[in-house]
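Some notes on the structure that comes next.
The values are calculated or read from the model by the stated rules, or taken from the named source; none is laboratory data. Owing to the predicted nature of the structure, the values given are computational and were not obtained by experimental measurement. Please note: Cβ atoms are built from the backbone with ideal geometry, for glycine as well, and neighbour counts cover all protein chains shown. Please note that ligands, DNA and RNA were not included when accessible areas were found on the heavy atoms of the full protein model with its side chains. Shrake-Rupley method; radii C 1.70, N 1.55, O 1.52, S 1.80 Å.
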Amino acid sequence: MQVDVVTIFPDMVRHALDEGIIGRAVDREVVDITVRDLREYTTDRHRTVDDVPFGGGPGMVLKPEPLFRAVAAIQAERGAADAVVLMSPQGRALSHAEAARFSGMQRLIVISGRYEGVDERVVEALVTDEISIGDYVLTGGELPALVFVDAVVRLVPGVVGDRQSVAEDSFAAGVLDHPHYTRPAEFEGRAVPAVLLSGHHAEIEKWRRRERLRRTLERRPDLLERAGELEPADRAVLDELRKQQG
Ligand code: 9D3
């Protein structure tokens, strides 16, 4: 997979992607991520990327020309992109299913907006998907672009070392995780649940399954609307927990 991120804060994006699992995947050449400075695609002496909105109002708008030049240059270099994604508060909310869809693509261009918005002709002519990361207001699209790239790239085969954990997360995208403990077995008077020290793997799995469902029912009942997709053993536990909870 090849990802090009277009931003006016390239250092911020580059430094975040240099670290951790994503940075290692780039080093190992499992994925190719290139961060591009939008100002490099301006042609005026002041390298202008924004201008006042037609019709008046607060803030500035990203001008179309640099973004058109950036996307054209990237596609001339790389070939046609499978998607041109604009990070935008007006976009569809990112979800695991959406991340999985993008993770199957070969070439992605991600545009991170700033200011009050991006000239609508960019959206009409270039953008294939407008994506938001949730219903809260940030100061720009760089953190959303990083969230998007992280969520998508970790699903590319070979990026995360432990394939089982990726598979479990995909399966568990509709269910919260169980609690985790490590040593010591007792800390400040708080004991680790005895079953986890028992060495009885079937019992441990049963306990974890129950805790996942109990937490989901308590904290995120909305996720269980797709409970029809649960395996029968999970559905039985869920029914029992619901009776207890009343
Ligand atoms: C008053 C209109 N505002 C739109 C909701 C203006 C505005 C606020 C914040 C325009 C851009 C931004 C910067 N945010 C993003 O670019 C952004 C974002 C976000 O703020 N929250 C969640 N997802 C995203 S994706 C891009």
remark   = Considering residues that are within 18 Å of Thr34 (Cβ to Cβ) and among the charged types (D, E, K, R), the number found within region 155-176 is 0
ask   = Restricting the search to region 2-25, which residues are farther than 17 Å from Val147 by Cβ and among the hydrophobic types (A, V, I, L, M, F, W, C)?
value = Ile8
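For (1) touching a residue at least 24 places away in the same chain (Cβ under 8 Å); (2) closer than 30 Å to Glu98 by Cβ; (3) exposed (fewer than 11 other Cβ atoms within 10 Å of the Cβ), each residue gets a yes or a no:
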{"site": "Leu197", "(1), (2), (3)": "no, no, no"}
{"site": "His201", "(1), (2), (3)": "no, no, yes"}
{"site": "Trp207", "(1), (2), (3)": "yes, no, no"}
{"site": "Arg214", "(1), (2), (3)": "yes, yes, no"}
{"site": "Arg219", "(1), (2), (3)": "yes, yes, yes"}
{"site": "Leu223", "(1), (2), (3)": "yes, yes, no"}
{"site": "Val237", "(1), (2), (3)": "yes, yes, no"}
{"site": "Glu240", "(1), (2), (3)": "no, no, no"}
{"site": "Gln244", "(1), (2), (3)": "no, no, yes"}
remark   = Of the residues in region 85-107, those that are open to solvent by less than 70 Å² (accessible area, probe 1.4 Å), in a strand (DSSP E or B) and farther than 19 Å from Phe9 by Cβ come to Gly91, Ala93
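Test Leu143 against the stated conditions and say whether it is assigned to a loop (DSSP other than H, G, I, E, B) and open to solvent by 30 Å² or more (accessible area, probe 1.4 Å). Steps first, answer last, please.
Numbers: assigned to a loop (DSSP other than H, G, I, E, B): no; open to solvent by 30 Å² or more (accessible area, probe 1.4 Å): yes.
Spelling it out, it is not the case that Leu143 is assigned to a loop (DSSP other than H, G, I, E, B) and open to solvent by 30 Å² or more (accessible area, probe 1.4 Å).
Just checking, does region 150-160 include any residue being among the aliphatic types (A, V, I, L, M) and within 16 Å of the ligand (Cβ to nearest atom)?
Narrowing region 150-160 to residues among the aliphatic types (A, V, I, L, M): 151-153, 155-156, 159-160.
Filter once more, so that each one left must be within 16 Å of the ligand (Cβ to nearest atom): 151-152.
Yes, region 150-160 contains a residue that is among the aliphatic types (A, V, I, L, M) and within 16 Å of the ligand (Cβ to nearest atom).
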query = Taking region 76-103, which residues are more than 14 Å from the chain's Cα centre (by Cα) and of a type outside the set (Gly, Ala, Ser)?
reply = Glu77, Arg78, Asp82, Val84, Pro89, Gln90
task = Return only the number of the condition from (1) among the hydroxyl-bearing types (Ser, Thr, Tyr); (2) within 16 Å of the ligand (Cβ to nearest atom); (3) closer than 30 Å to Val175 by Cβ that Thr139 does not satisfy.
result = (3)
ask   = Does region 170-184 contain any residue that is assigned to a helix (DSSP H, G or I), modelled with pLDDT under 90 and open to solvent by 70 Å² or more (accessible area, probe 1.4 Å)?
value = yes
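Please verify whether Gly59 is over 25 Å from Asp18 (Cβ atoms), part of a loop (DSSP other than H, G, I, E, B) and without any contact (Cβ under 8 Å) to a residue 24 or more places away in the chain, treating the condition exactly as stated.
Numbers: over 25 Å from Asp18 (Cβ atoms): yes; part of a loop (DSSP other than H, G, I, E, B): yes; without any contact (Cβ under 8 Å) to a residue 24 or more places away in the chain: no.
No; evaluated as a whole, the condition is false for this residue.
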task = Only residues that are crowded, with 20+ Cβ neighbours inside 10 Å and near the ligand (Cβ under 7 Å from one of its atoms): list them for region 118-132, please.
result = Ile131
task = Could you tell me which residue of region 60-75 is surrounded by the fewest Cβ atoms within 10 Å (Cβ to Cβ), considering only residues that are more than 16 Å from the ligand (Cβ to nearest atom) and over 24 Å from the mean Cα position of the chain (by Cα)?
result = Ala72
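Of everything in region 105-121, what is farther than 24 Å from Val153 by Cβ and either in contact with a Cys (Cβ under 8 Å, 6 or more places away or on another chain) or not acidic (Asp, Glu) (or both)? Give them in sequence order.
Residues of region 105-121 that are farther than 24 Å from Val153 by Cβ, as a first pass: 115-117, 119-121.
Listed by number, the residues that qualify are Tyr115, Gly117, Arg121.
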